[in-house]
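Student: Structure incoming, see below.
FYI, it's all coordinate maths here, none of it is from the lab. Everything numeric here is computed off the predicted structure, so don't read it as measured data. Don't worry about glycine lacking a Cβ; one is built from the backbone with ideal geometry, like all the others, and counts go over all protein chains shown.
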Amino acid sequence: MKPGGIFALAAILLAVIAGLAPVVVIGLSEGLMRADPYLFRVIRFTLLQAALSTIISILLAIPIARALARQRFPGRFLIVRLFMLPLALPAIVAILGIVTVYGAGGWLGGAFDLYGLAGILIAHVFFNAPLSARLILSRLETIPPESFRLGANLGFHGAQVFRLIEWPQIRPALAGIATLIFLLCTASFAVVLTLGGGPQATTLEVAIYQALRFDFDPARATALALVQVAICCALALYAGRFTGLTLGAPPLRRTQIRYDGTAPLSRIGDALILLASLAIVLPPIVAVVMSGMAGLRLDRDLIPAMLTSLGLAGSAAILAACLAWPLAAPRFATLGNLATLGAYIIPPAVLATGWFILLSRYSGTNALAPVLVIALNALMALPFAYGVLAPAVAEAGSRHDRLCAGLGIAGFNRFRLIDLPALKRPLTLALVMAGIVSLGDLTAITLFGTQDFVTLPSLIYRQMGSYRMEQAAATSLVLALFAFVLITVTESLGTRDDPA
Amino acid sequence: MIRLERVRFLYEDMEMEFSLDVERGSFVAVTGPSGAGKSTLLALIAGFETQVSGSIHLDTRDMADVPPEQRPVSMIFQDHNTFSHLDLWKNVALGISPGLRLDKTQRARVDEAMSLAGLGELKHRLPGEISGGERQRVAIARALVRDRPILLLDEAFASLGPALRRDMLDLVKTLHKDRGLTVLMVSHQPEDARYAAGQVAFVHQGRILALRPTLKFFTARDIPEIADYLGDWSAAR
């Protein structure tokens with residue numbers, strides 16, 4: 001392995017061990033297995049909300065993806081792009097939009113209690129139904145056009161096209177998509193922190209934070225953290241079986257010409273499905289924009305938080321790309337996968353807990369807070385950066401390796417003259433995707449943030465906590481705009497290489 | 001009979017216009033440079049693409065607004081002719097019933113077609129378990145049970161080796177002869193056209209420049225585009 005790869009691997013391992021070791025040591029010394037009813041309640045709720053969120057998201061996503069796959073209409077592209085927004089929208093911004101629409105005194109007049117399982121499910125479905133629809137749509141668009149032509153030639157009607165052509169294509173990916181959604185919901189932090197209704201509606205990730213921040217009970221945090229690691233580890237290893245599963249947004253191919261779904265009833269059905277999907281995605285986004293515009297003024301906290309957010313996101317993105325690049329070489333695919341998987345399966349709250357415990361014994365975390373947030377955000381963004389870079393590095397390698405070897409181009413010269421120019425686009429994409437993850441993160445900043453060290457998400461959280469909803473909306477709008485710019489860049493970079 | 005009258009089609013910035021008359025029971029090879037519009041021509045006949053203007057008549061019937069499944073056409077592509085999760089028998093049976101509900105007589109027809117295509121022993125295999133040539137046989141067997149008078153082959157055997165390709169052409173030639181099928185075969189291989197087809201249609205930049213007997217196509221040098229396309233091919237043989 002090259003020195004860069006060794007360094008990246010060592011850095012990731014060190015960060016993970018430094019996070020896990022203190023948690024395990026304290027847990028063991030203070031009686032780890034205090035399996036009290038609270039622990040079981042938290043585990044049960046974590047799994048229940050994740051399972052329900054996954055099932056609802058996928059059940060909604062299949063007809064949505066199918067309607068998008070078979071209908072052509074003006075604005076279709078906008079809907080597909082809109083479905084990317086929840087993925088990029090910082091959780092806290094979306095939550096504010098959801099509260100504005102569904103909360104007490106909201107657009108729907110507080111039709112039901114948002115704080116608890118219902119609110120968590122609404123938020124998770126808002127995030128994950130569009131993501132699932134997008135993943136399923138990308139599967140549907142890989143079906144060779146000949147299959148639809150054959151179906152048309154043989155006279156398949158809509159249900160037969162689904163059963164014989166679409167379902168066989170969707171089915172193999174469904175377990176992977178479901179596992180990914182389940183994993184995201186299991187590790188969900190901001191949604192449960194803000195919409196969870198106390199001990200009855202708390203997940204492991206939030207319970208760890210509460211045990212540390214409010215109860216200062218490291219033993220309980222340890223037990224919770226280890227259960228969280230075990231669950232995420234099992235899920236991530238299971239998800240790893242499904243190759244081709246993309247974190248983030250898979251590029252879409254050129255839309256297929258379809259011969260089914262042309263009957264008036266099919267068109268009406270698909271239109272209703274798409275309208276329903278817009279009813280899920282659009283209102284919270286519109287709510288953020290409208291309330292944000294109404295309350296937009298230059299708050300004295302806004303500019304510093306914005307600069308801090310941009311600085312942290314930029315640094316974390318660069319760090320994530322620097323770690324991902326050397327690991328992306330195909331020869332080290334297994335190690336690279338394991339390293340990024342490590343960063344993925346160890347929940348951020350657990351890593352932060354370990355670092356917090358470790359550093360609080362020696363000096364304190366305040367001075368190092370920015371470094372810790374950058375490091376944690378970089379680790380969280382690593383799977384995304386690696387997911388973009390690894391295939392591009394492999395492809396560039398297959399094109400250039402022999403030629404470079406023959407010409408004796410190696411080391412920094414190869415990086416400067418060959419790899420960097422060839423991989424400029426995926427590298428930018430990796431940086432932007434890592435930046436999106438970091439920009440919207442609430443986990444690291446909640447654990448390490450202070451009165452003077454505030455990012456946009458933590459400022460929104462603080463403003464919501466003190467019921468300054470107008471200011472929270474304005475801050476959310478600013479954050480959403482940054483996310484929108486970044487996701488637009490991602491979209492254009494991701495689709496430029498598509499086969500025409 | 002296949003009749004295309006000034007069939008106009010726009011593909012990106014390329015304008016195509018096809019006029020063609022093919023007698024019932026003919027075997028026509030469609031050839032020409034890449035991107036000339038050969039596959040588009042077949043797609044228009046099969047109903048996968050819709051012309052901007054002009055008319056297509058198949059067996060004297062105007063095909064305007066006739067959906068692909070109601071056209072008297074079976075089509076075989078280069079790839080993706082089978083459904084990978086269904087066994088070969090079911091893949092063939094789909095040619096009779098898209099819902100796979102077959103009576104006794106229809107089942108017998110499927111069995112017979114599979115035997116004719118040389119797939120009798122492979123009925124319960126999945127497409128992933130057989131060779132590329134056998135997969136194309138499945139498509140031919142399905143075309144047999146569909147019993148449509150026109151067979152369109154869109155580079156159907158292009159990915160097969162010379163010997164297998166020859167086997168497939170023999171099979172198609174037999175069907176053409178025994179069942180009186182009209183065959184339009186897109187192919188880049190002059191050998192295939194010369195071996196199987198009675199006529200060759202030459203497509204160039206979205207136009208059919210010539211439809212002539214195979215021997216004349218390979219020997220005459222009166223059309224510069226055809227001469228350029230063939231080079232010294234026919235002279236070398």
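Student: Within 10 Å of each Cβ in peptide B:73-86, how many partner chain Cβ atoms are there on average? Round it to a whole number, please.
Tutor: Numbers: counts 1, 3, 5, 3, 7, 1, 3, 8, 4, 2, 6, 3, 6, 2.
That works out to 4 on average.
Student: May I have the convex hull volume per residue, in Å³, for the Cα set of region A:107-161?
Tutor: Numbers: hull volume 7.0 nm³, N = 55.
Output value, Cα hull per residue: 128 Å³.
Student: Arrange the following residues from fewest to most other Cβ atoms within 10 Å of their Cβ: A:203, A:308.
Tutor: Values: A:203 28, A:308 21.
In increasing order of surrounding Cβ atoms, one gets A:308, A:203.
Student: If packing is taken as the mean number of other Cβ atoms within 10 Å per residue, what is the order of A:481-489, B:151-159, highest first?
Tutor: Ranking, from highest mean packing down: B:151-159, A:481-489.
Student: In whole Å, what is the distance between the alpha-carbon centres of region B:88-157 and region B:163-236?
Tutor: Each part reduced to its Cα centre gives a spacing of 26 Å.
Student: With an 8 Å Cα cut-off and a minimum separation of 6 or more residues, compute the relative contact order for chain A in percent.
Tutor: 25
Student: 222 nm [θ] for chain A, helices only, -39500 (n - 2.57) per DSSP H run of 4+, per residue, to 500? Spell out each step's value before the answer.
Tutor: On the way: 22 runs with 368 residues, N = 500.
The per-residue figure over chain A is -24500 deg cm²/dmol.
Student: Express the Stokes-Einstein translational diffusion coefficient of chain B in µm² s⁻¹, to the nearest whole number, given a Kirkwood radius over alpha-carbon pairs, 4 °C and a viscosity of 1.567 mPa s.
Tutor: Details: Rh = 18.4 Å.
The Stokes-Einstein estimate is 70 µm²/s.
Student: Under unit Cβ charges (Lys, Arg +1; Asp, Glu -1), what dipole magnitude, rounded to 20 debye, does the protein assembly as shown have relative to its Cα centre?
Tutor: Charge dipole of the protein assembly as shown: 540 debye, to the nearest 20.
Student: Still on this structure, please answer the following. Can you find, among A:378, A:173, B:223, the residue farthest towards the positive end of the dipole of the protein assembly as shown? Put +1 on the C-beta of Lys and Arg, -1 on that of Asp and Glu.
Tutor: Towards the positive end, the residue furthest out is A:173.
Student: When Cβ neighbours within 10 Å are restricted to other protein chains, what is their mean count per residue of peptide B:92-104? All intermediate terms of the calculation are to be shown ahead of the outcome.
Tutor: Values: counts 0, 0, 7, 4, 1, 3, 10, 7, 3, 0, 0, 0, 0.
What the average comes to for B:92-104 is 3.
Student: Can you find, among B:33, B:14, B:45, the residue farthest towards the positive end of the dipole of region B:6-58? Put +1 on the C-beta of Lys and Arg, -1 on that of Asp and Glu.
Tutor: Most positive-ward Cα: B:45.
Student: Something else about it: List residues of region A:130-168, by number, whose backbone nitrogen lies under 11 Å from a label position 7 Å along Cα→C-beta of residue B:103.
Tutor: Answer for region A:130-168: none.
Student: Determine, for A:192, B:7, the number of other Cβ atoms within 10 Å of each Cβ, and report the residues in order from fewest to most. If you can, show how the numbers build up before the last one.
Tutor: Working: A:192 27, B:7 23.
Ranking A:192, B:7 by Cβ neighbours within 10 Å, fewest first, gives B:7, A:192.
Student: Related question: With 10 angstrom as the radius, rank B:134, B:12 by how many other C-beta atoms surround their C-beta, starting from the fewest.
Tutor: Values: B:134 18, B:12 6.
So the ranking, lowest neighbour count to highest, is B:12, B:134.
Student: Among B:199, B:102, B:138, pick out the residue whose Cα is farthest towards the positive end of the charge dipole of region B:90-212, where Lys and Arg carry +1 and Asp and Glu carry -1 on C-beta, about the Cα centre.
Tutor: B:102
Student: Taking beta carbons within 10 Å but only from partner chains, what does the mean come to for residues A:153-166?
Tutor: On the way: counts 18, 10, 10, 4, 3, 0, 2, 5, 1, 0, 3, 8, 1, 0.
Mean partner-chain Cβ count within 10 Å for A:153-166: 5.
Student: Could you calculate the FRET efficiency of residue A:450 with residue A:73 from 1/(1 + (r/R0)^6), where r is the beta carbon distance between them and R0 is 56 Å, rounded to 0.05? Could you put the intermediate results ahead of the total?
Tutor: Values: r = 51 Å, r/R0 = 0.90.
Efficiency for this residue pair is about 0.65.
Student: What does the charge dipole of region A:102-167 about its Cα centre add up to, to the nearest 20 debye, if the Cβ of each Lys and Arg holds +1 and the Cβ of each Asp and Glu holds -1? Please list the in-between numbers first.
Tutor: Working: 4 positive and 4 negative charges, 26 e Å.
Here the size comes out at about 120 debye.
Student: Once you charge only the Cβ atoms, +1 for Lys and Arg and -1 for Asp and Glu, what is the size of the charge dipole of region B:115-192 about its Cα centre, to the nearest 20 debye?
Tutor: Values: 12 positive and 11 negative charges, 55 e Å.
For this selection, approximately 260 debye.
Student: Next question. Taking the mean number of other Cβ atoms within 10 Å as a proxy for protection, how do you rank A:428-436, A:147-155 from highest to lowest?
Tutor: Working: A:428-436: 25.3, A:147-155: 23.1.
The packing order, highest mean first, is A:428-436, A:147-155.
Student: Quick one, can you get me the convex hull of the C-alpha atoms of region B:1-76 expressed as volume per residue in Å³?
Tutor: 96
Student: If one computes P(r) from the Cα atoms of the protein assembly as shown, what percent of pairs lie at distances over 37 Å?
Tutor: Details: 138815 of 271216 pairs.
Counting pairs separated by more than 37 Å, the tail of P(r) holds 51 percent.
Student: Provide the FRET efficiency to the nearest 0.05 for the residue B:6-residue B:219 pair, computing r from the beta carbons and using R0 = 22 Å.
Tutor: Numbers: r = 30 Å, r/R0 = 1.34.
Computed FRET efficiency for residue B:6 and residue B:219: 0.15.
Student: R0 = 25 Å: FRET efficiency of residue A:48 with residue A:104, Cβ-based, nearest 0.05? Could you put the intermediate results ahead of the total?
Tutor: Numbers: r = 24 Å, r/R0 = 0.96.
Efficiency, from the Cβ-Cβ distance: 0.55.
Student: Averaged across orientations, what area in nm² does the convex hull of the alpha carbons in region B:134-237 project? Before the final figure, lay out each step's value.
Tutor: Numbers: hull surface 28.4 nm².
Across all orientations, region B:134-237 yields a mean hull projection of 7.1 nm².
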